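Shown next, in structure tokens, is the structure this report addresses.
The values are calculated or read from the model by the stated rules, or taken from the named source; none is laboratory data. All figures in this text were calculated on a predicted structure; none of them were measured in a lab. In this analysis, Cβ positions are derived from the backbone assuming ideal geometry, glycine residues included, and neighbour counts consider all displayed protein chains. Remember, those area values only see protein heavy atoms, side chains included, never the ligands or the DNA or RNA. Shrake-Rupley method; radii C 1.70, N 1.55, O 1.52, S 1.80 Å.
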Amino acid sequence: MSDFDLPQYLSERRQLVDEALERFLPAEHAPPSSVHRAMRYSVLAGGKRLRPILVIAGAEAVGGGAELVLPTACALELIHTYSLIHDDLPAMDDDDYRRGRFTNHKVFGEAIAILAGDALLTLAFNLVAGNAAQGGEARIICDVVAEIATAAGTGGMVGGQVVDIESEGKTITVETLEYIHSHKTAALIRASLRAGARLAGAKPDALRAITDTGDRLGLAFQIVDDILDVEGSLEELGKTAGSDERKRKATYPALYGLEASRARARALIQEAKLALRSLGPRGEPISALADFILERRS
Ligand code: GRG
């Protein structure tokens with residue numbers, strides 16, 4: 001039994017990420033202040049900071065330090081936050097609550113919410129490119145930029161979102177559901193772990209283990225998200241629960257039932273942890289994060 005202290009690990013890494021985000025985001029009063037306020041409103045509303053912590057854990061798993069990858073870690077959080085702002089818009093999920101507060105467009109209006117999302121996405125790539133200042137190697141940084149762009153674009157998150165929207169209210173196949181999950185959510189989670197590992201100079205064997213882990217963690221994360229949408233509450237989730245069923249969304253519980261969905265998430269987490277064994281004790285934070293993904297209530 002490992003005595004790794006996950007709560008302390010999470011709180012220290014979150015603090016690092018939150019301080020860096022505060023530094024990297026444009027100041028509230030810098031013009032054009034309306035969009036800067038909107039960007040800061042959603043990013044600094046909290047959230048688990050899972051993706052940036054996975055970037056850091058990916059680096060640490062191959063002997064790198066958090067400071068080396070902080071700009072890229074923050075970039076992943078900015079891309080994630082942009083996707084949440086846009087996903088909440090009336091044209092998409094039309095949600096009123098996110099991260100325990102009103103959604104961005106409810107406060108700033110749709111036009112500024114769209115632009116705040118756009119600005120977060122572009123700032124993210126500025127930060128990854130700027131990772132060179134932390135001593136990152138230029139060729140690796142270019143590869144990481146390309147990989148994150150693919151994971152965020154039509155080859156990943158945007159692609160998954162498109163198929164998700166186009167599948168609403170329809171009966172879909174297992175293959176389509178797997179496509180949606182692996183692209184909409186898992187791609188960015190996998191890219192987070194891999195980006196950290198690559199920036200920290202991962203050797204091919206370690207990168208393969210981390211990639212296998214990332215694939216499974218990403219899928220498990222989305223299955224748990226689907227389960228929480230059935231079982232969770234507004235207070236726990238910080239957003240309205242039950243929205244998948246209302247929108248007749250394609251989800252794991254809808255296709256397989258809750259019990260089978262839980263079993264699949266557990267199996268994926270076990271596989272993810274198995275893939276990490278070759279990394280030895282350095283893989284412990286990712287292993288503990290895997291358990292956290294399975295057991296989370298928000
Ligand atoms: C708009 C291009 C575009 C994509 C949207 C991410 C996404 C795709 C939609 C968000 C809707 C959603 C609930 C997706 C399921 C998985 C997910 C990303 C959940 C939210 O992530 P958490 O739990 O959120 O990491 P926090 O707030 O903790 O960061």
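Quick one: order His181, His36 from most to least accessible surface, probe 1.4 Å. List each step's numbers first, then the result.
On the way: His181 5, His36 25 Å².
Result of the area sort, largest leading: His36, His181.
Suppose R0 equals 51 Å; then what is the FRET efficiency for Ala91 and Arg208 from their Cβ-Cβ distance, rounded to the nearest 0.05? Don't skip to the answer; put the middle values down first.
Details: r = 40 Å, r/R0 = 0.78.
According to the calculation, E is roughly 0.80.
What list of ³J(HN,Hα) couplings, whole Hz, do you get for the stretch 158-167 from phi and the Karplus terms 6.51, -1.76, 1.60, once you set θ to phi - 60° and write x for glycine and proline?
4, x, x, 5, 4, 5, 4, 4, 6, 9
For the stretch 103-112, what does the Karplus curve 6.51 cos²θ - 1.76 cosθ + 1.60, with θ = phi - 60°, yield as ³J(HN,Hα) per residue in whole Hz, taken in order and with x for Gly and Pro?
So the J values, rounded to whole Hz, are 5, 4, 5, 5, 8, 10, x, 5, 4, 5.
Consider all pairwise Cα distances in the stretch 255-298 and report the whole-number % of them above 17 Å.
Numbers: 352 of 946 pairs.
Result: 37 percent of Cα pairs exceed 17 Å.
Roughly what would the spin-label model give for Leu274 and Ser34, points 7 Å off Cα along C-beta, in nm?
Rounded to a tenth, the inter-label distance reads 5.5 nm.
Go through Lys170, Lys239 and list them by solvent-accessible area, largest first, probe radius 1.4 Å. Each step should come with its number before you reach the end.
On the way: Lys170 125, Lys239 45 Å².
Reading off the accessible areas and sorting them downward yields Lys170, Lys239.
Could you list which residues have their amide H under 5 Å from that of Arg98, counting only those 5 or more apart in sequence or on another chain, with H placed in the peptide plane?
Residues meeting the amide H criterion: Thr103.
Would you kindly calculate the translational diffusion coefficient of the stretch 156-245, applying Stokes-Einstein with the Kirkwood radius from alpha carbon pairs, for 25 °C and a viscosity of 0.890 mPa s, and quote it in µm² s⁻¹ without decimals?
The estimated diffusion coefficient comes to 170 µm²/s.
Using a 1.4 angstrom probe on heavy atoms only, work out the carbon and sulfur share of the accessible area of the stretch 6-295 in %. Present the calculation step by step, with values, prior to reporting the outcome.
Working: 6640 of 12260 Å².
Carbon and sulfur together cover 54 percent of it.
Kindly write out, for the stretch 140-151 in residue order, the coupling ³J(HN,Hα) from the Karplus curve 6.51 cos²θ - 1.76 cosθ + 1.60 (θ = phi - 60°), rounded to whole Hz, with x marking Gly and Pro.
Along the stretch 140-151, the couplings run 5, 4, 4, 4, 5, 4, 5, 5, 5, 4, 5, 5 Hz.
Once both labels are modelled 7 Å past Cα along the beta-carbon direction, what's the Ile165-Asp143 spacing in nm?
According to this spin-label approximation, the distance is 3.4 nm.
Mind checking the full-extension length gain between Ala263 and Lys106? Use 0.36 nm per residue of separation minus the Cα-Cα distance, one decimal, nm. Intermediate values should be presented prior to the final figure.
Values: separation 157, 0.36 × 157 = 56.52 nm, distance 3.75 nm.
Stretched fully, the Ala263-Lys106 segment lengthens by 52.8 nm.
Rank these by accessible area, largest first, 1.4 Å probe: Phe108, Phe102.
Sorted descending by solvent-accessible area, the residues read Phe102, Phe108.
With the other protein chains left in place, how much accessible area per residue, in square angstrom, belongs to the stretch 85-197 at a 1.4 angstrom probe?
44 Å²
If eta is 1.567 mPa s and T is 4 °C, what Stokes-Einstein diffusion coefficient results for the stretch 6-295, Kirkwood Rh from Cα pairs, in µm²/s?
Rounded, D is 68 µm²/s.
For the stretch 95-139 and the stretch 14-46, compute the distance between their C-alpha centroids and round to whole Å.
Using only Cα atoms, the two centres lie 9 Å from each other.
Need the list of lysines near Lys247 for cross-linking: C-alpha distance under 26 angstrom, and skip anything on the same chain fewer than eight residues off.
Cα-Cα hits under 26 Å: Lys48, Lys106, Lys170, Lys184, Lys239.
With a 1.4 Å probe and all protein chains kept in place, how much accessible area does Tyr82 have, in Å² rounded to the nearest 10?
Only protein atoms counted, so the area is about 30 Å².
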